[in-house]
Amino acid sequence: MAAERKLKIVIFGAFGAGKTTLIKTIDAESKHIEANCAGGTTTVALDFGRIQKDGCHIHIFGTPGQERFEFAREIIATGMDGAILLVDATSQIDDFTRHLSDSLHEAKVPFIVFLNKCDGAGANPEMFCGQFGLSEIRKVSAKDRRQCMDAVLQFAGTLTPQCHNGHTHNNV
C-alpha cells in the first residue's frame, strides 16, 4: 500500500475574488470564520476545506482578502506546499493582487493562478496573460464543483505525483 501524502494548499486573492465560494464548492463540510460587512460577509481569519483522493489528503486554507489581515495570511501560509492565487476576471489587476503574486514569487512557492468569474459581465480573461510571470493561468468557476476539483487535483499533482487525477487542464 502506498504511503499517504498530505498537502497544504493556501488560496490567496483580493476581497470578493471567490475564495470562500471555491472552498465551499470543493468541500460542503468546510469551515469558515466570517464577519458581516458592507455587501455581505468577509473572511476575517480563514476558510478550511479538505479533499481526499487516492491516498492524498489535501488541506485547503483560504486567506482574508483585505490588506489589513497580512498577519493572518503570514500565519496561514506557514508550511504551505503550494498556493492558488484566485483572481476575479471581471476586474482589473489591483495593487493588492500584484502584491500577493510578487510575495509568492519572492517566497519561491509553487503557485497557479485561477481566473474566476470568466463568464461574468466585463470579464476579460485574456488581459491576465503574462501578468503573473511564468505561473500557469487557468479559467475556473468557483461555483462549478467538477471544474474546481479537477483544477485543484491537477495542481496538487504538480506538487506530488500521488495527488494527480489524470485529467488534462485548460490554459488561458
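Nothing in this text is a laboratory measurement; each read-out follows from the coordinates by a stated rule. These figures come from a predicted structure and were not determined experimentally. So basically every Cβ, Gly included, is an ideal-geometry build from the backbone, and we count neighbours across all protein chains shown.
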- Note on the structure: HN-Hα couplings for region 83-92 via Karplus (6.51, -1.76, 1.60; θ = phi - 60°), in whole Hz with x for Gly/Pro, come out as 9, 10, 9, 8, 10, 7, 6, 8, 10, 6
- Task: Mind checking which lysines have their Cα closer than 27 Å to the Cα of LYS143? Skip sequence neighbours fewer than 8 apart in that chain.
- Result: LYS6, LYS8, LYS19, LYS24, LYS31, LYS53, LYS117
- Task: Would you work out if region 95-164 is rounded, prolate or oblate? Take a ≥ b ≥ c from the square roots of the eigenvalues of the alpha-carbon gyration tensor; rounded if a/c is under 1.5, else prolate when a/b is larger than b/c, oblate otherwise.
- Result: oblate
- Can you list residues whose amide H is under 5 Å from PHE12's amide H, if they're 5+ apart or on another chain and H is modeled 1.01 Å from N? ILE84, LEU85, LEU86
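Quick one: Cα convex hull volume of region 38-162, Å³ per residue?
Value for region 38-162: 124 Å³ per residue.
If you rank LYS19, LYS24 by fewest surrounding Cβ atoms within 10 Å, what's the result? Let's see the in-between values first.
Numbers: LYS19 29, LYS24 20.
Least crowded to most crowded, the residues run LYS24, LYS19.
Mind checking the dipole of region 5-163: about its Cα centre, +1 per Lys or Arg Cβ, -1 per Asp or Glu Cβ, Debye to the nearest 20? Spell out each step's value before the answer.
On the way: 18 positive and 19 negative charges, 103 e Å.
My answer is approximately 500 debye.
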